[in-house]
Every structure is written in structure tokens, then in C-alpha cells.
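Peer 1: Sharing a structure below in C-alpha cells format, with a few things to ask.
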Amino acid sequence: MLNQLSLKIGLLFFVVIITVEIILFSILYTNLVNDRVDDVMGDLLARGNTHRDVLEENYTSSTLEHVAIMESESDFIVVITDRNGEVVTSSNPMEPEMTAVIGHTDDDQVPDEGVILESDWADEKYVATDSPIIMDGTHSGHVFMFADSDHIKEIISNLSRQFLIIGVITVILTIITVIVLSKVITQPLVRMKKATEELNRGNHEVELSTSRKDELGELATAITHLSKDLKRLKNERNEFLANVSHELRTPLTYLKGYTDIINRDTTSEEDRIRYTQIIQEETEHLAGLIKTLFELAKIDQNEFAIKKEKVEFDALIQKIVERIYPAIEERNIEFSYSCPNNVIITIDPERIQQVLLNILDNAIKYTPRGNHVRLEVVQNKNEVLTIISDTGEGIAEEDMPYIFERLYRAEKSRSRSKGGSGLGLTIAKEIVELHTGRMEVESEPGEGTAFNISLPKEDTYEKGIID
Ligand SMILES: Nc1ncnc2c1ncn2[C@@H]1O[C@H](COP(=O)(O)OP(=O)(O)OP(=O)(O)O)[C@@H](O)[C@H]1O
Ligand SMILES: [Mg+2]
């Protein structure tokens with residue numbers, strides 16, 4: 001429970017918000033209390049000053065009496081003294097606290113506009129002001145005003161009560177906000193946690209709501225993508241394993257079948273030689289297939305060695321053409337090629353030869369007898385572009401996205417009539433990419449196919465080179 005993210009976030013928010021609120025409320029409270037006390041003191045002094053003004057105008061016993069009677073009905077107390085500090089009149093009976101305030105007054109230090117004598121409402125019984133009566137330029141007496149401190153205390157306790165009510169409401173609202181907020185933040189995280197647990201359990205069909213545009217939304221989208229990728233990988237792996245076992249089983253079935261026939265006494269010597277030859281071809285095919293699968297596994301683990309060196313490209317092309325000539329002759333293909341003789345390129349010649357042979361092999365294999373196959377090399381400043389085109393059967397549009405995939409063959413029956421296993425283009429593309437080159441294909445069903453392989457001349461990027 002204590003480890004729950006929503007609780008942790010909630011507590012953190014709560015502590016931070018409450019601390020900020022306490023600081024702000026304290027400042028506001030102190031300011032308000034000071035203002036109220038200042039107001040009361042200001043009023044008291046103003047009241048005293050008014051009495052003083054009246055008395056300066058008309059200092060008679062009836063005016064003095066009048067002032068005293070007026071204040072005896074109010075919350076305040078007035079005490080009027082003469083120039084010697086003797087009490088002339090007061091609205092209420094004198095108390096020791098009042099006498100003490102009056103006794104401590106120093107005539108000369110009291111400014112003409114009056115002064116606050118006592119403002120300590122918390123500890124003293126009365127707060128007090130002094131307004132000097134000035135007649136003929138000298139202090140002729142004082143009007144002292146007193147207000148009971150309880151009066152101020154009451155105002156302050158009213159204020160405190162209001163603050164308490166507002167404080168409680170604020171804390172309740174803060175708690176509600178924090179609960180809602182932490183839920184809003186943690187709910188999608190909890191959902192994502194559940195989704196990843198589902199992924200872990202092998203259920204790759206998680207669909208998280210991705211309508212949010214914030215980081216949580218992005219995370220949900222990423223998890224949904226991840227689940228789709230996992231599902232795709234799982235399907236691909238299953239398909240790949242099915243294809244591999246098919247590819248391995250077929251030649252093995254042939255091998256078993258032919259060995260059985262050879263071992264039969266009735267088989268003629270002539271047939272034996274023919275079947276032995278087939279067995280040899282199948283074994284070679286099988287060995288080649290396993291070698292390529294092994295190479296692809298090495299590429300996947302970044303352990304595929306590419307040994308680059310400076311190569312005269314036209315010499316390499318010449319060698320390749322010589323290698324494919326028997327097949328061209330046999331299938332009666334019209335073959336032409338062109339390559340400038342000054343092309344120097346940094347590549348792994350063995351691997352690039354493998355790439356070009358694979359593509360030429362396809363061009364020859366998937367082209368009806370008598371058709372054209374052309375190999376053309378052109379170069380620009382940084383790249384060498386090799387185009388291998390044929391006027392063969394072409395590749396159907398629906399097959400195009402998949403031809404570079406492992407063991408993919410357009411011919412779904414996986415018949416052995418053309419002998420391929422669907423790895424030639426996969427390894428070719430991987431090798432070209434290890435050379436930081438590009439391989440593209442254009443094809444028109446019934447018209448022909450063209451593979452464009454562009455390779456950088458210089459070894460500008462070290463990716464994939466493990467010696
Ligand atoms: N030039 C081409 N013309 C028509 N189809 C082609 C051509 N090149 C490739 N394809 C199609 O792409 C598929 C994949 O080619 P790839 O070279 O990877 O496999 P393969 O030739 O069947 O077998 P492998 O090369 O491993 O012996 C082929 O099965 C074929 O259907
Ligand atoms: Mg091939």
C-alpha cells in the first residue's frame with residue numbers, strides 16, 4: 001500500500017501544497033491583524049484629536065463635561081488633564097493602568113498631532129493615545145483616549161475564526177484535488193503496467209488508449225507499438241522456422257529417396273551414377289543453405305566479418321561475368337555488360353561478388369530462355385551504381401515488399417523447379433547495407449526487373465566492419 005505510486009505522489013503533492021498554503025496564510029493573517037490593529041489605533045487617535053480640536057476652540061467646563069459625557073456612552077474612555085498632568089475630567093472612573101499611562105507622559109516629547117502611547121493590546125489592559133491641547137503655542141493639557149484591549153482581541157479572534165474555517169475548507173479541497181490528481185496521473189501508469197505484464201505473459205494483443213497527447217500518451221503509444229512488434233516478430237519467427245524446416249526437409253527427403261533407389265539391386269549402373277549426381281547436387285544445395293543461414297545469424301549478432309580493400313571494379317565484374325557464362329550459355333540468354341575501367345572502390349570483393357552473383361543468378365533464373373540480361377556500372381564522385389536488369393517475368397506488386405525477407409519466394413508452392421530457397425536477396429541486401437550502400441528494385445510483371453545497387457567508393461563509415 002505504502003509503495004503505491006498514487007499514494008506517494010499524493011503525499012508529496014499534499015505536503016508541498018499544504019506547506020505553501022501555510023506560509024501564504026501566515027503572511028496574510030499577520031498582515032491583516034496588523035492592519036486591523038493599525039485601524040483601531042488610528043481611529044482612537046483621530047477621535048482624541050477631534051476632542052482636542054473642540055477644546056482648543058472652546059476650552060470651557062461645559063465643553064469638557066460634554067466630551068466626557070459623549071465618551072461615557074461609547075466603547076472608548078477619554079481622560080483630560082491640565083498642563084500639570086492633573087486629571088480635569090474623565091468619561092469613566094480612573095483605573096491604575098490609566099494613571100500609569102498618564103504619569104509616564106513627557107510633555108515635551110508629545111508631538112502636536114498626537115501620539116500612540118500604548119499599542120500592546122496583547123499584554124496591556126488598555127491601548128492609549130495622547131492628543132496635546134495647544135493654546136497660545138504651549139501644551140495646555142492632554143486628551144488621552146483609551147480603548148479596552150479586549151475590543152481588539154475580539155476583532156482578532158473573529159479574524160482567526162474566519163481563517164480557521166477557510167483553512168479547513170482549503171485542506172479539504174487540497175485533499176480532494178490531490179486524490180483526483182494523483183489518480184489521473186497514476187491510472188494510465190497502472191494500466192500500462194498491467195499491459196506490460198500481459199506482454200510478459202505472452203499475450204501480445206495489448207491495445208492502450210493513445211488519445212492523450214502528453215508523455216503518458218507517448219508511452220502508451222510506444223507500448224502498443226512494442227506489442228505489435230512483438231506479435232509480428234513472433235509470427236515472423238514461426239513462419240521462418242516453418243520455412244527453414246521445409247527447406248531442410250525437402251532435400252533430405254530427396255537424399256533418402258535416391259539412396260534407397262541406389263541401394264536397390266534392380267537399379268542400373270547408369271541410374272546409380274545419375275542419382276549419385278543428384279544426391280551430390282542436393283547435398284551442395286543443403287550445405288549452401290545452411291551456410292547462408294549461418295551467415296545471416298552472424299549478421300544479426302554483428303559478428304559478420306567484412307574485409308574491405310581497394311578494388312578495381314571492372315576486374316571484379318570481369319571475374320563475375322566469367323563465373324556466370326556457363327549458365328547464360330545454357331539458358332541461351334542474351335547477356336551484355338558495361339563497366340568503366342577506372343572505377344576504384346573500397347569493398348569486400350568476396351562479399352560484393354556474392355551479392356552480384358545472387359542478383360545475376362535471379363535474373364538468369366527468372367528470365368525465359370532467349371531473353372536479355374544486362375549489367376551496367378556507372379559512377380559519380382562518391383558512388384558506384386550497378387544496375388542489373390532483365391526482361392524476365394518480373395515481380396508481382398504484392399510480392400515486392402517481401403522479396404528481401406528471409407526464405408521468401410514469390411512462388412508460394414516452394415517448388416524446386418527453380419531451385420531457390422529465398423535467401424539470395426536477403427543476404428545480398430544485408431551485405432550491401434554493411435557496406436553502407438543501398439539496394440533498390442523496380443519491376444514490371446511480364447516486362448522485367450532491375451536491381452540498383454549503389455556502393456560508396458570510399459570507406460567513409462566504419463559500421464559493420466568486424467575483423
Ligand atoms: N529478377 C527477378 N525476376 C523475377 N523475380 C525475381 C527476380 N529476383 C528475385 N525474384 C523473386 O524474389 C524471390 C526471392 O529471391 P531470392 O534470390 O531471395 O530467392 P531465390 O532466388 O528464390 O532463392 P536463392 O537465391 O536463395 O537460391 C524469388 O523467389 C523470386 O520470386
Ligand atoms: Mg536468388
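Peer 1: Would you work out the relative contact order for the chain, in percent, from Cα pairs under 8 angstrom that are 6 or more residues apart? Present the calculation step by step, with values, prior to reporting the outcome.
Peer 2: Numbers: 612 pairs, mean separation 46.4, N = 467.
Taking the mean separation of contacting Cα pairs over the length of the chain, I get 10 percent.
Peer 1: Compute the Kirkwood hydrodynamic radius of region 5-155, taking the inverse of the mean of 1/r over all pairs of distinct Cα atoms, and give it in Å to one decimal. The partial results should precede the final answer.
Peer 2: Details: mean 1/r = 0.0577 Å⁻¹.
After inverting the mean inverse Cα-Cα distance, the result is 17.3 Å.
Peer 1: Another question, if that's okay. Roughly how much of residue 264 is accessible, in Å² to the nearest 10, using a 1.4 Å probe?
Peer 2: It works out to around 130 Å².
Peer 1: Take 241, 255, 219 and sort them by solvent-accessible surface of the protein heavy atoms, 1.4 Å probe, largest at the top. Show your work: numbers first, answer last.
Peer 2: Values: 241 100, 255 30, 219 80 Å².
Solvent-accessible surface, decreasing: 241, 219, 255.
Peer 1: So with the 1.4 Å probe, I'd like the accessible area per residue for the chain, rounded to whole Å². Don't skip to the answer; put the middle values down first.
Peer 2: Values: 27380 Å² over 467 residues.
For the chain, the per-residue accessible area is 59 Å².
Peer 1: For the charge dipole of the chain, defined by +1 on Lys and Arg C-beta atoms and -1 on Asp and Glu C-beta atoms about the Cα centroid, which residue among 18, 116, 280 has the Cα displaced farthest towards the positive pole?
Peer 2: Positive-end residue among those listed: 280.
Peer 1: So between residue 342 and residue 88, what do we pick up on full extension, going 0.36 nm a residue minus the alpha carbon distance?
Peer 2: 78.7 nm
Peer 1: Now a separate question. Please list the three semi-axes, largest first and in whole Å, of the ellipsoid equivalent to region 175-286, using sqrt of 5 times the eigenvalues of its alpha carbon gyration tensor. Mind showing how you got there, number by number?
Peer 2: Numbers: eigenvalues 795, 24, 8 Å².
Taking √(5λ) for each Cα gyration eigenvalue gives 63, 11, 6 Å.
Peer 1: Counting only DSSP beta bridges with both residues in the chain, what percent are antiparallel, rounded to the nearest 5?
Peer 2: Numbers: 49 of 54 bridges.
Bridges in the chain are about 90 percent antiparallel.
Peer 1: Just read off the accessible area of residue 99 with the full protein assembly in place, 1.4 Å probe, to the nearest 10 Å².
Peer 2: Surface accessible to solvent at residue 99 totals approximately 80 Å².
Peer 1: Percent of accessible area on region 5-155 owned by carbon and sulfur, 1.4 Å probe? Please report the intermediate quantities before stating the final value.
Peer 2: Working: 4660 of 8440 Å².
Accessible surface attributable to carbon and sulfur in region 5-155 totals 55 percent.
Peer 1: Taking the highest mean first, how do the peptides 129-137, 38-46 order by number of other beta carbon atoms within 10 angstrom per residue?
Peer 2: 129-137, 38-46
Peer 1: Over region 309-466, what is the percentage of antiparallel beta bridges among all DSSP beta bridges, to the nearest 5? Let's see the in-between values first.
Peer 2: On the way: 26 of 31 bridges.
Just about 85 percent of them are antiparallel.
Peer 1: What translational D, rounded to a whole number of µm²/s, comes out for the chain from Stokes-Einstein when the hydrodynamic radius is the Kirkwood one over Cα pairs, at 10 °C and 1.306 mPa s?
Peer 2: Values: Rh = 33.0 Å.
Value of D from the Cα-based Kirkwood radius: 48 µm²/s.
Peer 1: Taking a ≥ b ≥ c as the square roots of the Cα gyration tensor eigenvalues, with a/c under 1.5 meaning rounded and otherwise prolate when a/b beats b/c, else oblate, which class fits region 72-128? The partial results should precede the final answer.
Peer 2: Values: a/c = 1.55, a/b = 1.12, b/c = 1.39.
Taking the square roots of the gyration eigenvalues as a ≥ b ≥ c, region 72-128 is oblate.
Peer 1: Using a ≥ b ≥ c from the Cα gyration tensor of region 41-87 (square roots of the eigenvalues), is it rounded, prolate or oblate, where a/c under 1.5 gives rounded and otherwise the larger of a/b and b/c decides, a/b for prolate? Present the calculation step by step, with values, prior to reporting the outcome.
Peer 2: Details: a/c = 1.44, a/b = 1.32, b/c = 1.08.
In terms of gyration-tensor shape, rounded.
Peer 1: Classify region 239-300: rounded, prolate or oblate, from the alpha-carbon gyration tensor (a ≥ b ≥ c, eigenvalue square roots; a/c under 1.5 rounded; otherwise prolate if a/b is larger than b/c)?
Peer 2: Values: a/c = 5.36, a/b = 2.46, b/c = 2.18.
Verdict is prolate for region 239-300.
Peer 1: Return the distance in nm (one decimal) between the two label points of a simple spin-label model at residue 158 and residue 327, each offset 7 Å from Cα along Cα→Cβ.
Peer 2: 10.4 nm
Peer 1: Take 429, 457 and sort them by solvent-accessible surface of the protein heavy atoms, 1.4 Å probe, largest at the top. Don't skip to the end; give the middle numbers.
Peer 2: Details: 429 55, 457 35 Å².
Of 429, 457, the descending order of accessible area is 429, 457.
Peer 1: Show me the ranking of peptides 246-254, 325-333 by mean Cβ neighbours inside 10 Å, starting with the highest. Working shown, then result.
Peer 2: Working: 246-254: 15.3, 325-333: 13.0.
Order by mean packing, descending: 246-254, 325-333.
Peer 1: I need the helices of the chain that pass two filters: whole DSSP H segments spanning 20 Å or more by Cα along the axis, and mean Kyte-Doolittle score no lower than -1.0.
Peer 2: On the way: long enough: 5-57 (77 Å, 0.78); 149-200 (73 Å, 0.76); 215-263 (70 Å, -0.49); 269-300 (46 Å, -0.46); 313-330 (26 Å, 0.20); 349-365 (23 Å, -0.01).
Passing helices, by number: 5-57, 149-200, 215-263, 269-300, 313-330, 349-365.
Peer 1: For region 109-173 and region 379-394, write down the distance between their C-alpha centroids in whole Å.
Peer 2: Rounded to whole Å, the Cα centres lie 100 Å apart.
The values are calculated or read from the model by the stated rules, or taken from the named source; none is laboratory data. None of these values were measured; they are calculated from a predicted model. Every residue, glycine among them, receives a Cβ derived from its backbone with ideal geometry; neighbour counts consider all protein chains shown. Protein only, heavy atoms only, side chains kept; ligands, DNA and RNA dropped before computing areas. Shrake-Rupley method; radii C 1.70, N 1.55, O 1.52, S 1.80 Å.
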